[in-house]
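Novice: For reference, the structure I am asking about is given below.
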Amino acid sequence: MRRTHHIVIRWKLVIVIAGCIAFTLHAQNRLPQKPPVQPNAAKADSIKHEVADTTRHVVADSTRRALPDSLIHYFLPSLPGSLNHRLDSLDVVTRIAMEWRSARTLNQVVSSQPGVFGSEPSSVGQYFPLTMRGAGWRSNAVLVDGRPVADPASGIYNLSLFPMEQAERVEVITGPRSFLYGTGGAGGTLNIVTKTDAHRIPFTKIRYEEAIYNHTYSDGSFNQNLTRRSNLSFGYQYIGTDGRFLDSPHEQWNVRGAVRYHLLPKVSVILSELYAQTQTGLYGGINYPATGFQLAFDRRSARGYSTVAYEKLTRHDLDLRFIGMFLPDSTDLSTLAVYYSSNLREYRDEESNGSPYVQQDQRSSWYGLRAQQSASLGMHHISACVNVEVRQVEGSPTLGRLQHPSFSVWAMDEAAVTQNLHVAAYGRSEIFRAEQIAGFGADIWANLGGGLSLRGGASLAQRAPTYPELFWTDSSLVRDGTITTEKHQLVEAGLAWVGPDIGNVRLMLAHRTITNPILTSPYAGSAPFPGVRLFNGDQIKTLTAELSMEFHLFRYIMIEGTGTYLLRHDASGSTLDDYPAFWGEGGIYLAGTFFSDNLDLKVGVHGRVTTGYSGYVFSPPSLFMVPNTIASLGMGSTLDLAAIAHVGSAYVHIIWENVTNTMYFTSPFTPALDRAVRFGISWEFLN
């Protein structure tokens, strides 16, 4: 049945893609229109991807007529969704960098950053827990253009839901500032900055990819300035796969759209919506005791925890943003955002092996108002934000009905003491459920000369329990007492070196102490998945050493990689092995431009390695991870052959994954992907 539906969907995709191409070709056949006269011929486009021109000032004169609209320059703000335009470039993954990585989802993009560990599933669409410097996924905040997107009913956000083509860049903050920007960010913060393109003529982009297990990825987008003041963009994304194992298929649709209008030359308003709908089989990983190691890699013989459990997600994210450029520095933006999100999770487990039939509909929504301002005042650069939000569970058989307002404010002062010495101090306070959640920190940056710089800082922060940790009630989860707030203490220091035309390298050391950590342990809950026991522990200490580097040698040789060493202890001093002691990835490539700069090529070998660890088993009903007590995972590594080419306006990638067909578990118990070829192309059409 699903295969027939999959074929129908493919024909729909062919029709959509053909329509996009036909629309573009039709646009090409139109007679060219003479562009409006501009005060400066170098700025013929009505809306540019550039910052405001701060050298020109218009003097008001009531005796003069207003300039005609054709002579007014409407300024497009740069990265209006960014948390901080002054972030270290090594903490940012740009749109171009994502093209050259050719990742399947944003989960893979983020997990390639130093200090971030991802338990990669065997199939696209399965949950992909991310850990930052030893802090679990409910201790990490996920934001889109600075506003929270985690579902209150689960306390998490699955990055697979966000279309990569909509991301201009991803900001990955794991240092002392991570707690500052969002609820639950004591462990780390991810901020997805959306695109704000502007094209005077029709712009269309199509992306398509195929891989093993009938994996199909398709994305189409369109953008054009309707008038000098307005811009329209819309797009869709489809991801589908039969899955590697029984009960692991996944289908996902995303539809997105945005309208931008310039109220004034330096004031714009953006109305946008992102709609997502998915259906995913939740097999829960391989049932290792019933399957064993050898059969676990055979898709016909491997037995999952479930053969029929699945979930359907329906989600809306609606945003209205007002963006002003009132100050001389074009990055000092004034932002006022109103947002609303709703999420429906329909979980079903129709087991016929004697376990109970489960039918859970989790309805939740959250809405709020967010205002952010930054300003440069002499040697100081000050940023501040106020966020008022209401989080609610509208209906749930396990959570009931919940509604609580939240009020938060944060501020930061970055001072350039000298050109080579910058210091910053910052703090955040939030009131939620009549509890004040506060944090503060400071950091320093110093230029040591010769391309070498020093960075260090410290912070104290808190992480309040989520709704499921406090109120979830059914046979899949129990608590040992009342769950209370975590306290995080983080100290980091490191060196970075940047060599012109050579590359860069960064080494960071960080020590995190979590007091009163919210922990889980397994218990014999209702079949077929492991039960979850929640409790507060005493203390966990984590030491991480992170290395990232990129070098360009002999003009055409490129070496890049990241590596993380992690050591964890509990309050008694015992070493924990729930995460690997070391993980890393990197590659060596032939990279450069050829044929008179008409071909930009990156061809080489990419590898990943992870030392042995115990890990966590996933429990789909409550979306919690419980420590694996069945069998430890051994060391694992894979080797990929990759070829990525940029020709004209197209990117083409061919990835031969797991060339050696190495068999190991990426998490308990999801086998590494088989040896397979993945092919994809993204192509831009511009009139």
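Novice: Looking only at residues that are open to solvent by 40 Å² or more (accessible area, probe 1.4 Å) and over 29 Å from the mean Cα position of the chain (by Cα) in region 527-546, which one is farthest from residue 567 (Cα to Cα)?
Specialist: The extreme case among them is 527.
Novice: Under the condition of being of a type in the set (S, T, N, Q) and touching an Asp or Glu at 6+ places or on another chain (Cβ under 7 Å), which residue from region 405-433 is farthest from residue 152 (Cα to Cα)? Explain how you work it out, then say what you get.
Specialist: So in region 405-433, the residues of a type in the set (S, T, N, Q) come out as 406, 408, 418-420, 429.
Filter once more, keeping what is touching an Asp or Glu at 6+ places or on another chain (Cβ under 7 Å): 406, 408.
On the way: 406: 12, 408: 16 Å.
Residue satisfying both the conditions and the ranking: 408.
Novice: Kindly list the number of the only condition in (1) under 30 Å from residue 236 (Cβ atoms); (2) buried (at least 19 other Cβ atoms within 10 Å of the Cβ); (3) touching a Phe, Trp or Tyr at 6+ places or on another chain (Cβ under 8 Å) that fails for residue 633.
Specialist: Exception for residue 633: condition (1).
Novice: Give just the number: which of (1) in a loop (DSSP other than H, G, I, E, B); (2) open to solvent by 10 Å² or more (accessible area, probe 1.4 Å) does residue 684 not satisfy?
Specialist: (1)
Novice: Could you list, in sequence order, all residues of region 647-687 that are under 26 Å from the mean Cα position of the chain (by Cα) and at positive phi?
Specialist: 658, the sole residue that qualifies.
Novice: Select from region 130-145 the residues that are assigned to a loop (DSSP other than H, G, I, E, B) and under 12 Å from the mean Cα position of the chain (by Cα) and list them in ascending order.
Specialist: Of everything in region 130-145, just one residue is assigned to a loop (DSSP other than H, G, I, E, B) and under 12 Å from the mean Cα position of the chain (by Cα), namely 145.
Novice: May I pose another question? Can you give me the number of residues within region 99-112 that are closer than 18 Å to residue 158 by Cβ and either modelled with pLDDT of 95 or more or open to solvent by less than 10 Å² (accessible area, probe 1.4 Å) (or both)?
Specialist: Result for region 99-112: 4.
Novice: Still on this model: Which residue pairs have Cβ atoms under 8 Å apart, sit 6 or more places apart or on different chains, and have a first residue in region 402-421 that is over 18 Å from residue 178 (Cα atoms) and a second that is aromatic (Phe, Trp, Tyr) and open to solvent by 70 Å² or more (accessible area, probe 1.4 Å)?
Specialist: 421/445
Novice: Can you name the residue in region 272-290 that is under 20 Å from the mean Cα position of the chain (by Cα) and surrounded by fewer than 18 Cβ atoms within 10 Å (Cβ to Cβ) and, of all such residues, is nearest to residue 145 (Cα to Cα)?
Specialist: That would be 273.
Novice: Could you list, in sequence order, all residues of region 577-592 that are under 17 Å from residue 510 (Cα atoms), open to solvent by 40 Å² or more (accessible area, probe 1.4 Å) and in a strand (DSSP E or B)?
Specialist: Correct list: 582 only.
Novice: With respect to residue 361, determine if the residue is under 30 Å from residue 505 (Cα atoms) and assigned to a strand (DSSP E or B).
Specialist: Values: under 30 Å from residue 505 (Cα atoms): no; assigned to a strand (DSSP E or B): yes.
Considered against the rule, which asks whether it is under 30 Å from residue 505 (Cα atoms) and assigned to a strand (DSSP E or B), residue 361 comes out as no.
Novice: Output the qualifying pairs, or none if there are none: Cβ atoms under 7 angstrom, residues six or more apart or on different chains, first residue in region 505-518 and free of Cβ contacts under 8 Å to residues at least 12 places away in the same chain, second residue not aliphatic (A, V, I, L, M).
Specialist: none
Novice: Would region 326-347 turn up any residue that is assigned to a loop (DSSP other than H, G, I, E, B), among the aromatic types (Phe, Trp, Tyr) and in contact with a strand residue (DSSP E or B) (Cβ under 7 Å, 6 or more places away or on another chain)?
Specialist: Scanning region 326-347 turns up at least one residue that is assigned to a loop (DSSP other than H, G, I, E, B), among the aromatic types (Phe, Trp, Tyr) and in contact with a strand residue (DSSP E or B) (Cβ under 7 Å, 6 or more places away or on another chain).
Novice: Same structure, new question: Can you pull out the residues in region 226-239 that are surrounded by 18 or more Cβ atoms within 10 Å (Cβ to Cβ), modelled with pLDDT of 95 or more and not β-branched (Val, Ile, Thr)?
Specialist: Passing the criteria: 231, 233, 235, 236, 237, 238.
Novice: Still on this model: Given the criterion assigned to a strand (DSSP E or B), within 30 Å of residue 474 (Cα to Cα) and either of a type outside the set (Phe, Trp, Tyr) or more than 29 Å from the chain's Cα centre (by Cα) (or both), identify the matching residue among 393, 386. If you could, list the steps in order and put the result at the bottom.
Specialist: Working: 386 fails: within 30 Å of residue 474 (Cα to Cα).
Sole residue among the options that is assigned to a strand (DSSP E or B), within 30 Å of residue 474 (Cα to Cα) and either of a type outside the set (Phe, Trp, Tyr) or more than 29 Å from the chain's Cα centre (by Cα) (or both): 393.
Novice: Suppose we keep only residues that are in a strand (DSSP E or B) and free of Cβ contacts under 8 Å to residues at least 24 places away in the same chain within region 428-441. Which one would you say is least open to solvent (accessible area, probe 1.4 Å)?
Specialist: First pass over region 428-441, keeping only residues in a strand (DSSP E or B): 428-432, 435-441.
Still in the list and also free of Cβ contacts under 8 Å to residues at least 24 places away in the same chain: 429, 436, 440.
On the way: 429: 31, 436: 117, 440: 125 Å².
So the residue we want is 429.
Novice: For region 132-146, give me each residue that is open to solvent by less than 10 Å² (accessible area, probe 1.4 Å) and on the phi < 0 side of the Ramachandran plot.
Specialist: 132, 135, 139, 141, 143
Novice: So, one more: Right, residue 567: crowded, with 17+ Cβ neighbours inside 10 Å and not in a loop (DSSP other than H, G, I, E, B) or not? Show your work before the answer.
Specialist: Numbers: crowded, with 17+ Cβ neighbours inside 10 Å: no; not in a loop (DSSP other than H, G, I, E, B): yes.
No.
Novice: Of the residues that make up region 442-452, is at least one among the polar types (S, T, N, Q) and open to solvent by 50 Å² or more (accessible area, probe 1.4 Å)?
Specialist: Step one: of region 442-452, the residues among the polar types (S, T, N, Q) are 447.
Going one step further and asking which of them are open to solvent by 50 Å² or more (accessible area, probe 1.4 Å), we end up with 447.
Checked against the condition, which is being among the polar types (S, T, N, Q) and open to solvent by 50 Å² or more (accessible area, probe 1.4 Å), region 442-452 yields at least one hit.
Novice: Restricting attention to region 465-495, report how many residues are assigned to a strand (DSSP E or B) and either under 28 Å from the mean Cα position of the chain (by Cα) or touching a residue at least 60 places away in the same chain (Cβ under 8 Å) (or both). Reasoning before the result, please.
Specialist: Taking region 465-495 first, the residues assigned to a strand (DSSP E or B) are 474, 477-479, 486-495.
Within this subset, residues satisfying the condition of being either under 28 Å from the mean Cα position of the chain (by Cα) or touching a residue at least 60 places away in the same chain (Cβ under 8 Å) (or both) are 474, 477, 486-495.
Total satisfying the criteria: 12.
Novice: Something else now. For region 593-626, what are the residues that are in a loop (DSSP other than H, G, I, E, B), farther than 23 Å from residue 313 by Cβ and in contact with a Phe, Trp or Tyr (Cβ under 9 Å, 6 or more places away or on another chain)? Don't jump to the end; show me each part of the working.
Specialist: Step one: list which residues in region 593-626 are in a loop (DSSP other than H, G, I, E, B), which gives 595-598, 611-612, 614-615, 620-623.
Cutting the leftovers down to farther than 23 Å from residue 313 by Cβ gives us 595-598, 611-612, 614-615.
611, 614, 615, listed by residue number.
Novice: Checking residue 610 against (1) over 14 Å from residue 667 (Cβ atoms); (2) open to solvent by 20 Å² or more (accessible area, probe 1.4 Å): exactly one of these is not met. Which one?
Specialist: Only one criterion in (1) over 14 Å from residue 667 (Cβ atoms); (2) open to solvent by 20 Å² or more (accessible area, probe 1.4 Å) is unmet by residue 610, namely (1).
Novice: Now for a different question. Within the set of pairs 6+ apart or on separate chains, which have a first residue in region 648-659 that is under 21 Å from residue 596 (Cα atoms), a second that is modelled with pLDDT under 95 and of a type in the set (A, V, I, L, M), and C-beta atoms under 8 Å apart?
Specialist: Listed pairs, sorted by first residue: 649/686.
The values are calculated or read from the model by the stated rules, or taken from the named source; none is laboratory data. Since the structure is predicted, the reported quantities are computational estimates derived from the model, not experimental observations. Glycine gets a Cβ as well: all are built from the backbone with ideal geometry, and neighbour counts include every protein chain shown. Surface areas here come from the heavy atoms of the whole protein model, side chains and all, with no ligands, DNA or RNA. Shrake-Rupley method; radii C 1.70, N 1.55, O 1.52, S 1.80 Å.
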